[in-house]
């Protein structure tokens with residue numbers, strides 16, 4: 001029998017675990033499944049993230065500055081409308097509303113508390 005891959009779960013580095021849990025839970029609608037001293041696991045439907053609290057970088061660069069991940073969704077515009085009241089609480093430069101990409105995906109983007117870019121996307125019907 002061959003092994004089967006079932007999910008990719010990104011580790012998301014953060015400076016303040018409680019603050020980052022709040023973002024993924026209260027803004028993006030994830031549910032906290034487990035929390036330890038410097039680690040948390042959150043899930044929403046078939047997507048999950050693992051948060052890892054780390055010391056700040058010596059140069060002051062945000063921990064998520066070079067990190068991004070993509071979450072494929074069904075009904076992208078419906079999800080954006082569902083999240084919009086929470087997203088409106090963020091500074092406008094942290095949210096990019098739905099738009100079409102030339103490679104056949106419709107996306108919206110959100111920066112988390114430590115600068116990681118979260119892409120939400122769905123194939124454009126057609």
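Computed quantities for the displayed model
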read-out: Unique residue being free of Cβ contacts under 8 Å to residues at least 24 places away in the same chain and at negative phi when the list is 13, 42; value: 42
read-out: Which numbered condition residue 83 misses (of (1) in contact with a helix residue (DSSP H, G or I) (Cβ under 8 Å, 6 or more places away or on another chain); (2) surrounded by fewer than 19 Cβ atoms within 10 Å (Cβ to Cβ); (3) under 23 Å from residue 6 (Cβ atoms)); value: (3)
read-out: Subset of segment 67-85 that is under 14 Å from the mean Cα position of the chain (by Cα) and more than 13 Å from residue 121 (Cβ to Cβ) - its residue that is modelled with the lowest pLDDT; value: 67
read-out: Residues of segment 65-105 satisfying the condition of being within 15 Å of residue 117 (Cα to Cα) and in a helix (DSSP H, G or I); value: 87, 92, 93, 94
read-out: Meets criteria (within 24 Å of residue 6 (Cβ to Cβ), outside any loop (DSSP other than H, G, I, E, B), at pLDDT 95 or above and out of contact with any helix residue (DSSP H, G or I) (no Cβ under 8 Å at 6 or more places or on another chain)) for residue 33; value: yes
read-out: Test: residue in segment 90-103 that is touching a residue at least 60 places away in the same chain (Cβ under 8 Å) and over 21 Å from residue 7 (Cα atoms); value: yes
read-out: Residue that is surrounded by the most Cβ atoms within 10 Å (Cβ to Cβ) [pool: residues in segment 46-55 that are within 15 Å of the chain's Cα centre (by Cα) and not in a loop (DSSP other than H, G, I, E, B)]; value: 51
read-out: Matching residues, segment 1-15, being surrounded by 14 or more Cβ atoms within 10 Å (Cβ to Cβ) and over 14 Å from the mean Cα position of the chain (by Cα); value: 15
read-out: Residue within segment 16-23 that is at pLDDT 95 or above and under 20 Å from residue 119 (Cβ atoms) present; value: yes
read-out: Sole residue being more than 11 Å from the chain's Cα centre (by Cα), under 15 Å from residue 116 (Cα atoms) and at pLDDT below 95, chosen from 58, 62; value: 62
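The values are calculated or read from the model by the stated rules, or taken from the named source; none is laboratory data. The shown structure was predicted, so the numbers you read here are calculated from the model rather than taken from an experiment. With ideal geometry, Cβ positions are generated from the backbone for all residues, glycine too; neighbour counts draw on all protein chains shown.
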